[in-house]
Amino acid sequence: LTLSAEGAILEANLHADELFGLERSGLIHQKFSRFVPAEARDTFDLFCRQAFRSATRQSVELDLVSAKSERLVVRLEAAHDPMCSRKQLHVSLENITERKHTEIVLRVATSRLRALIENMQAGILVETEGRKIALLNETFCRMFQVPVPAHVLVESDSRDLLRECLPLLVDRAGFLAR
C-alpha cells in the first residue's frame, strides 16, 4: 500500500485486496483508519507519525477489521521516501492472525501444564536443552531437601542442583549418566 500523509490509500496491490476483502478500486482513496478499530487507532496514529519522522523502516503489529468485518492481526512495515515530492508512506502488510491465535493457544496450554506440574505430588524437574531449569515443583524441593523455593531455581544450571541432590540418590552413577 501507499498511504498519503492524511492516511488515504493511494495505491494497493492484490494482496491488500484479498486482506481487506475489497477490490483495488474500492480501496483507493479510502482512509486506512476505516479498517483500524477504535481501540487500535492511537497505536496506528503513533506508528504513522514515527514512520514519517524516521529515516528507517518502522513496524508494528496492529488489529484491523476487513470490509467483511473479519478481525485480523497484521504486521505493518512502513517507510517514507524523503526524496519523494509527496509526503507518503510505503506500507507492507503481513497477516499474522493465525500465528497470534497459535501463540495464545500455546500460552494457555503452557499455563495449564505449569499448574499441573507445580501441583503434582511427584517431584518434577523440567530442564531445557541447555540444562537450565525450566520448571521445578515444590514437591521436588521437599523430596531432595532443597533449601530455597522452587521458583528461585528456574533458569539456573540443573547440574548444580542435581549434584547437591546426589547424596539422597541410591544409584548416583546411573542418575548422572541419564
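The values are calculated or read from the model by the stated rules, or taken from the named source; none is laboratory data. None of these values were measured; they are calculated from a predicted model. Every residue, glycine among them, receives a Cβ derived from its backbone with ideal geometry; neighbour counts consider all protein chains shown. When the accessible area is computed, the model is the full protein with side chains, heavy atoms only, and any ligands, DNA or RNA have been set aside. Shrake-Rupley method; radii C 1.70, N 1.55, O 1.52, S 1.80 Å.
Counting Lys and Arg as +1 and Asp and Glu as -1 over every other residue whose Cβ lies under 11 Å from the Cβ of Ala134, the net charge comes to 0. So which aspartates and glutamates pass the test for Lys87, namely a Cα distance under 18 Å, with those fewer than 8 places away in the same chain ruled out? Straight-distance partners of Lys87: Glu6, Glu11, Asp45, Glu77.
If a spin label sat at a point 7 angstrom from the Cα of Gln50 along the line to its beta carbon, the backbone N atoms of the range 79-111 nearer than 20 Å would be those of 79-82, 88-97, 100. Remark: the range 107-116, residue by residue, has Karplus-estimated 3J(HN,Hα) of 4, 5, 5, 5, 4, 5, 5, 4, 4, 4 Hz, where x stands for each Gly or Pro and the curve is 6.51 cos²θ - 1.76 cosθ + 1.60 at θ = phi - 60°. Longest stretch of the chain clear of exposed loop sites (GluC sites (Glu not before Pro), DSSP loop, at most 15 other Cβ atoms within 10 Å, sites excluded): 71-128.
By the Kirkwood approach, averaging reciprocal distances over each pair of separate Cα atoms, the range 61-107 gets a hydrodynamic radius of 12.5 Å.
In the chain, the DSSP-assigned H stretches of four residues or longer account for a calculated mean residue ellipticity at 222 nm of -11000 deg cm²/dmol, using -39500 (n - 2.57) per stretch and the full residue count as denominator.
Solvent-accessible surface of the range 1-157, averaged per residue with a 1.4 angstrom probe and all protein chains in place: 63 square angstrom. Taking a straight line from the alpha carbon of Lys68, these lysines sit under 19 Å away, with near neighbours fewer than eight places off in the same chain left out: Lys31.
What translational D, rounded to a whole number of µm²/s, comes out for the chain from Stokes-Einstein when the hydrodynamic radius is the Kirkwood one over Cα pairs, at 10 °C and 1.306 mPa s? Diffusion coefficient, whole number: 78 µm²/s. On full extension, the segment bounded by Arg131 and Glu18 gains 36.1 nm, given 0.36 nm per residue less the C-alpha separation. FRET efficiency for the pair Glu164 and Arg112, taken as 1/(1 + (r/R0)^6) with r the Cβ-Cβ distance and R0 = 41 Å, rounds to 0.85. The alpha-carbon atoms of the range 9-96, seen along their principal axes, cover 36, 27, 19 angstrom, with the largest extent given first. Normalising the average separation of contacting C-alpha pairs (under 8 angstrom, six or more residues apart) by the number of residues puts the relative contact order of the range 23-178 at 11 percent.
What the phi angles of the range 118-134 give under the Karplus curve with 6.51, -1.76 and 1.60, with θ = phi - 60°, is a coupling list of 5, 9, 5, 8, 9, x, 10, 10, 10, 10, 7, 4, x, 6, 8, 6, 8 Hz, glycine and proline written as x.
Applying the criteria of a DSSP loop state and at most 15 other Cβ atoms within 10 Å to the trypsin sites (Lys or Arg not before Pro) of the range 67-154 yields Lys68, Arg86, Lys87, Arg131.
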